[in-house]
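Heads up: the structure comes next, in structure tokens.
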Amino acid sequence: MSRAPAPPKRRLLVVDDDPRILELLEMRLAAMGFDVTSTRDPQRAIQAATETRFDLALLDLRMEPMDGVTLMEALHGHQPHLPVLIVTAHGTIETAVEAVRRGAFDYLTKPFAQDELRTKIARALAARRWARDRERLLSVGDTLASSGNVGRILDAVAQAALESTEAERSVVFQLEEGRLLPMASSGSPPPSWEALEAAASRAMDKGAPTTLAGTDSVIVAAPLVVGRGPAGALVIETSARVELTEDDLELLALFSSQAAVAIRNTHELQRLRSGALAALGRMATQVAHELRNPLAGLRIYARHLEQRLVRSGDEEGVGLAQRITSAVDHLTGVVSEITAFGRTPELRRTRMALHTLLDECVALAEARRGGEAVEIVRAYDPTCPDGSFDGRELRKAFLNLILNGLEALAAGGRLTVSTAYAADAGTLTVTIEDSGVGMSDETLSRVFDLFFTTKPEGTGLGMAIARSVIDRHGGQLEVRSVLGQGTRVAVRLPVEGSRADEGEGTR
């Protein structure tokens, strides 16, 4: 049986202008199993901090021309979370206490007691790991608890993995239609996406964290396990000179678990919504039967009353009658939308050009909105082929999405409707982006909730209907928004529907 490789040594930086103290510390720390970098020159210490990640620094308080506190602050400019032990003589303990107030973890007094040296180093290393891990895990956990938006959660996971492991870049890959797609990233752009994707694929195949060491970098990937198998991977890439510890790998596995929870919650929410859709469909039939006829009668009575009041010259009464008619029309519209959402008609697919349908939706939305002038930009991919779609259903979905974008704009705002065709995946992506008011995190997390709306006259069913239509076409609908900056809706549809599906639902 092969022996597991020993974990990398903790790296300590020691700076003291007394060569005897420096030699003593270096020998004791090396005997304790640490990898020690020692120097008498503060500038060399700062340079070392730009090239190597240290776990702890021991700095002499009294040095010339740069004292230990000034050096500590310079080191924290390169490694903000580096714990520092200030080394001081008995006569300068008060100054050492002040150094602790300014950011040092603790201080050591000369001459060194072996137990004190070992104990304080152990405490500093443990505190560093605990504080770092707790901060990052709580941050991602809070995002997971407060946001129903999987994109924001994956962004938080990528950022936390980058900061906690001090890697150069971090990417969350998700498996979509048999392909690994980067869903969130943080840090500098990678020199090779293929290398990161290969590491993600290997971790998914293995079902466990995987390390790939190259000449200039090290790539570590942890699978995102959802249900019975992996749904993606969390990948970090760091310089080859940085040795990742067991703590780093454990933390990466925890972050990948949080990302997996976010994806699993999204799948579960979709399943629950499907159940709600079926229940609402059964209820909608009864609602339509019970309410439509009375509402139609109320409208007739209100219109009849309005005509009588017009003949009698009662202008105030006419206004009230018109309000009653408007309220009844609104309720009728709500019943119609509930019925449309609850009833999931079979798709009637035909071969059609999606660009023509989008033009129709833009024209209809402009006519309905009216009011202040805005700029509408169409950016269509000329390579997009015709697809097998239900034009009636897609018109309903895209009209709602375009109307939402237009209603978010003030005068002079811009709405962009664009398409992009991915021949290798056989998908067409429609993007509807506005420069409007955007949405808060809370609103974004509830955008697909039934009956949730921020519009005075809204029913809260439009986005749910749109997603239902896209889902039934085998597509995906994603919404990203930043308050005060605008909203971006992306709809990805498979272009090639089954020929047998064309005309399905006809009798």
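Residue pairs whose Cβ atoms lie under 7 Å apart, separated by 6 or more positions or on different chains, with the first residue in region 210-229 and closer than 21 Å to A260 by Cβ and the second of a type in the set (S, T, N, Q) and surrounded by 20 or more Cβ atoms within 10 Å (Cβ to Cβ), are A221/T210; A222/S256; P223/S256; L224/S256. Taking only pairs six or more apart or across chains, which ones have beta-carbon atoms under 6 Å, a first residue in region 291-318 that is within 20 Å of L331 (Cα to Cα) and touching a residue at least 24 places away in the same chain (Cβ under 8 Å), and a second residue that is assigned to a helix (DSSP H, G or I) and not small (G, A, S)? Hits for this filter: L291/V335; L295/V328; L295/L331; L295/T332; L298/V328; R299/V328; A302/I324; A302/T325. In region 39-57, the residues that are under 18 Å from L24 (Cα atoms) and in contact (Cβ under 8 Å) with a residue 60 or more places away in the chain form Cβ pairs under 9 Å with partners that are surrounded by 21 or more Cβ atoms within 10 Å (Cβ to Cβ) and of a type in the set (V, I, T), at six or more places apart or across chains, as follows: L56/V84; L56/I121.
Results for (1) under 17 Å from the mean Cα position of the chain (by Cα); (2) of a type outside the set (S, T, Y); (3) surrounded by 23 or more Cβ atoms within 10 Å (Cβ to Cβ); (4) under 25 Å from L477 (Cα atoms), shown as yes or no for each residue.
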residue	(1), (2), (3), (4)
L154	yes, yes, yes, yes
L181	yes, yes, no, yes
P189	no, yes, no, no
S192	no, no, no, no
A198	no, yes, no, no
T215	no, no, no, no
I219	no, yes, yes, no
V225	no, yes, no, yes
S239	no, no, no, no
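Condition first: within 19 Å of A464 (Cβ to Cβ) and of a type in the set (D, E, K, R). Can you find one or more residues in region 369-392 that meet it? Within region 369-392, one or more residues are within 19 Å of A464 (Cβ to Cβ) and of a type in the set (D, E, K, R).
Filtered by the rule that a residue be among the polar types (S, T, N, Q) and either outside any loop (DSSP other than H, G, I, E, B) or closer than 13 Å to P190 by Cβ (or both), region 206-218 gives T210, T211, S217. Number of residues in region 1-21 that are modelled with pLDDT of 90 or more and of a type in the set (A, V, I, L, M) equals 4.
Test L295 against the criterion of being at pLDDT 75 or above, of a type in the set (A, V, I, L, M) and touching a Cys at 6+ places or on another chain (Cβ under 8 Å), and give yes or no. Criteria not met by L295. Picking from residues in region 414-428 that are among the small types (G, A, S) and modelled with pLDDT under 90, the one that is surrounded by the fewest Cβ atoms within 10 Å (Cβ to Cβ) is A423. Test T119 against the criterion of being at pLDDT 85 or above, at negative phi and loosely packed, with under 13 Cβ neighbours inside 10 Å, and give yes or no. Judged against the criteria, T119 is a match. Quick check on this structure: which one of A203, A221 is of a type outside the set (V, I, T), outside any strand (DSSP E or B) and under 17 Å from A253 (Cα atoms)? From the options A203, A221, the qualifying one is A203. For region 433-455, the criterion of being at pLDDT 85 or above, more than 22 Å from the chain's Cα centre (by Cα), outside any helix (DSSP H, G or I) and more than 28 Å from V328 (Cβ to Cβ) is met by no residue. Can we say T109 is modelled with pLDDT of 80 or more, farther than 30 Å from M439 by Cα and not aromatic (F, W, Y)? Considered against the rule, which asks whether it is modelled with pLDDT of 80 or more, farther than 30 Å from M439 by Cα and not aromatic (F, W, Y), T109 comes out as yes.
The residues in region 155-182 that are in contact with a helix residue (DSSP H, G or I) (Cβ under 6 Å, 6 or more places away or on another chain), modelled with pLDDT under 80 and either more than 17 Å from L254 (Cα to Cα) or among the hydrophobic types (A, V, I, L, M, F, W, C) (or both) can be counted, and the count is 4. Using the structure shown, decide if T210 is surrounded by 20 or more Cβ atoms within 10 Å (Cβ to Cβ), modelled with pLDDT under 85, at negative phi and not aliphatic (A, V, I, L, M). Judged against the criteria, T210 is a match. Within the bounds of region 419-436, is there any residue that is closer than 13 Å to V489 by Cβ and in contact with a helix residue (DSSP H, G or I) (Cβ under 6 Å, 6 or more places away or on another chain)? Yes, some residue in region 419-436 is closer than 13 Å to V489 by Cβ and in contact with a helix residue (DSSP H, G or I) (Cβ under 6 Å, 6 or more places away or on another chain). Taking only region 165-194 into account, find how many residues are assigned to a helix (DSSP H, G or I) and over 29 Å from L428 (Cβ atoms). Number satisfying all stated conditions: 1.
Note on region 468-495: residues that are within 22 Å of L409 (Cα to Cα) and basic (K, R) total 2.
The values are calculated or read from the model by the stated rules, or taken from the named source; none is laboratory data. A quick note: this is a predicted structure, and the numbers were derived from the prediction, not measured. Reconstructed Cβ throughout: ideal geometry from the backbone, glycine too, with neighbour counts over all protein chains shown.
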